[in-house]
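The values are calculated or read from the model by the stated rules, or taken from the named source; none is laboratory data. None of these values were measured; they are calculated from a predicted model. In this analysis, Cβ positions are derived from the backbone assuming ideal geometry, glycine residues included, and neighbour counts consider all displayed protein chains.
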Ligand code: HEM
């Protein structure tokens, strides 16, 4: 058990709102009251773990400031036994460790991001729209008219995994493997992950590493027209970097969008008047997706480390100090969003949310996620107009990623 996990638990028990937010049950069940308490402590606060901000302007400023980077110097995420192990055995590529682009700074970041970026431009993504529509329709065809379902496993998880698997050239039959590996690896994004959870993630990483070795070897022999084949053929990334990129794209490609779709279903079912408005004004769907992203951010926090001594909001940070940036907090900042707790599909500035981050690490898959969100939610409510919750949705026990693991619904008759 790493020290931060213990610290987190002790602090949470003593009523420390930040420790609770990052590692206590309320942190994943309903983080927003905790966020508001912390916002009340100031724009830029010193917490039991690090500096933190819930302020939209500060989050955006820090994300776009080149004096901050993503490499953490004091790693409180890797438990002691794993660190010892890593001295003797090379660890497999990990989507949240270098050389994954998510956690490296320029110039290496640019080298890792550039070769992939062209596959995710809004134009490239628009070309996928027919495929997203077809996949969504097929999944909805498979749901039992008049019956019940768990919408996460039967639908919300299936749309993004099907699309990103195809984009990367993985066989459709293997998507359950990725769902399992993703499930085991997502806790790595949280602070204070237990030794046991870390070990489970490591096992998945090892197995996935072997799988990717074989897959990449196959693509070297017979490349297809998918993103990985393009990267393999271009020859700019070595095999380790290719595997890190593949696992990041795979994980980021579905572990977040599943939350967007699930969170969207719950918001719309809890606010039937908003759903009515969308039926009357379907052109509002893209904006409704922005509002879902804003009000219940699928990625709640990120962090940046000062690369040099820097003054922020009157506070002097030393090089190496970390700041937790609450994207979910920024999204409900009353200085930017009027009545921030109100879900309003017509909100004029919903798109100002920071759910996709900002600056050089801004989400590469934002256009894809937006498109999948619109197609999935609009088609779902068109095909099953009487959809209703059938029991209490259950949250994933994760803090950085925020969504449902179970979403029981009565589907009603298919339209
Ligand atoms: C980065 C959110 C979907 C690929 C990020 C970051 C956020 C984010 C917040 C930046 C983290 C930081 O600044 O530290 C989301 C959300 C999504 C989503 C909320 C869905 C609703 C996707 C999809 C893909 C994707 C579908 C496609 C493969 C990536 C990649 C990065 C990234 C590759 C790393 C970019 C970099 O470091 O330069 N995402 N994402 N994301 N996302 Fe997404």
Determine whether segment 363-386 contains at least one residue that is outside any helix (DSSP H, G or I), over 22 Å from the mean Cα position of the chain (by Cα), surrounded by fewer than 20 Cβ atoms within 10 Å (Cβ to Cβ) and at pLDDT 95 or above.
yes
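Is it true that some residue in segment 109-118 is over 23 Å from the mean Cα position of the chain (by Cα) and not in a loop (DSSP other than H, G, I, E, B)? Can you show your working first?
Initially, segment 109-118 is screened for residues over 23 Å from the mean Cα position of the chain (by Cα), giving none.
Scanning segment 109-118 turns up no residue that is over 23 Å from the mean Cα position of the chain (by Cα) and not in a loop (DSSP other than H, G, I, E, B).
Return yes when residue 173 is farther than 22 Å from residue 124 by Cα, exposed (fewer than 15 other Cβ atoms within 10 Å of the Cβ), more than 16 Å from the ligand (Cβ to nearest atom) and without any contact (Cβ under 8 Å) to a residue 40 or more places away in the chain and no when it is not. Working first, answer last.
Details: farther than 22 Å from residue 124 by Cα: yes; exposed (fewer than 15 other Cβ atoms within 10 Å of the Cβ): yes; more than 16 Å from the ligand (Cβ to nearest atom): yes; without any contact (Cβ under 8 Å) to a residue 40 or more places away in the chain: yes.
Criteria met by residue 173.
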Would you confirm, using the coordinates I've provided, whether residue 209 is within 16 Å of the ligand (Cβ to nearest atom) and out of contact with any strand residue (DSSP E or B) (no Cβ under 6 Å at 6 or more places or on another chain)?
no
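Pick from segment 223-259 the residues that are more than 21 Å from residue 301 (Cα to Cα) and within 10 Å of the ligand (Cβ to nearest atom): which of them is nearest to the chain's Cα centre (by Cα)?
Taking segment 223-259 and keeping what is more than 21 Å from residue 301 (Cα to Cα), we get 223-246.
Then drop every residue that is not within 10 Å of the ligand (Cβ to nearest atom), which leaves 227, 245.
Values: 227: 21, 245: 16 Å.
So, considering only residues that are more than 21 Å from residue 301 (Cα to Cα) and within 10 Å of the ligand (Cβ to nearest atom), the one nearest to the chain's Cα centre (by Cα) is 245.
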Residue 325: passes all of (1) out of contact with any strand residue (DSSP E or B) (no Cβ under 7 Å at 6 or more places or on another chain); (2) outside any helix (DSSP H, G or I) but (1)
Here are some conditions: (1) in contact (Cβ under 8 Å) with a residue 60 or more places away in the chain; (2) within 20 Å of residue 171 (Cβ to Cβ). Residue 262 meets all but one. Which one does it not meet?
(2)
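So which of 64, 131, 71 ends up being modelled with pLDDT of 90 or more, under 30 Å from residue 330 (Cα atoms) and in contact with a helix residue (DSSP H, G or I) (Cβ under 9 Å, 6 or more places away or on another chain)?
Details: 131 fails: under 30 Å from residue 330 (Cα atoms); 71 fails: modelled with pLDDT of 90 or more.
On inspection, the qualifying residue turns out to be 64.
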Looking only at segment 388-413, count every residue that is over 26 Å from residue 189 (Cβ atoms) and surrounded by 20 or more Cβ atoms within 10 Å (Cβ to Cβ) and tell me the total.
2
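Quick check on segment 262-305: of everything there that is outside any helix (DSSP H, G or I) and away from the ligand (no atom under 15 Å from the Cβ), which residue is surrounded by the most Cβ atoms within 10 Å (Cβ to Cβ)?
Initial filter on segment 262-305 (outside any helix (DSSP H, G or I)): 271, 281, 296-305.
This time we only want the ones that are away from the ligand (no atom under 15 Å from the Cβ), so: 271, 281.
On the way: 271: 15, 281: 13.
Per the stated criteria, the residue is 271.
Considering each of 328, 338 in turn, give the residue that is over 22 Å from the mean Cα position of the chain (by Cα) and more than 9 Å from the ligand (Cβ to nearest atom).
The match here is 338.
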Counted residues in segment 363-404 being within 9 Å of the ligand (Cβ to nearest atom) and on the phi > 0 side of the Ramachandran plot come to 0
Mind checking which residues of segment 129-152 are touching a residue at least 40 places away in the same chain (Cβ under 8 Å) and surrounded by fewer than 18 Cβ atoms within 10 Å (Cβ to Cβ)?
129, 133, 137, 144, 145, 146, 147, 148
Scan segment 328-339 residue by residue and report those that are surrounded by 18 or more Cβ atoms within 10 Å (Cβ to Cβ) and assigned to a loop (DSSP other than H, G, I, E, B).
331, 332, 333, 336, 337
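Would you point out the residue of segment 349-362, among those that are more than 9 Å from the ligand (Cβ to nearest atom) and in a loop (DSSP other than H, G, I, E, B), that is surrounded by the fewest Cβ atoms within 10 Å (Cβ to Cβ)?
Here is the first cut: in segment 349-362, the residues more than 9 Å from the ligand (Cβ to nearest atom) are 349-353.
Those left that are additionally in a loop (DSSP other than H, G, I, E, B): 349, 353.
Numbers: 349: 11, 353: 24.
Looking at residues that are more than 9 Å from the ligand (Cβ to nearest atom) and in a loop (DSSP other than H, G, I, E, B), I get 349.
Which residue, of 192, 182, is under 17 Å from the mean Cα position of the chain (by Cα) and crowded, with 21+ Cβ neighbours inside 10 Å?
Working: 192 fails: under 17 Å from the mean Cα position of the chain (by Cα).
After applying the criteria, what remains is 182.
Please list, ordered by residue number, the helices (runs of 4 or more DSSP H) wholly in segment 149-225 having 3 or more residues that are out of contact with any helix residue (DSSP H, G or I) (no Cβ under 8 Å at 6 or more places or on another chain). Show your work before the answer.
Numbers: elements: 158-168, 175-185, 195-221.
Result: 195-221.
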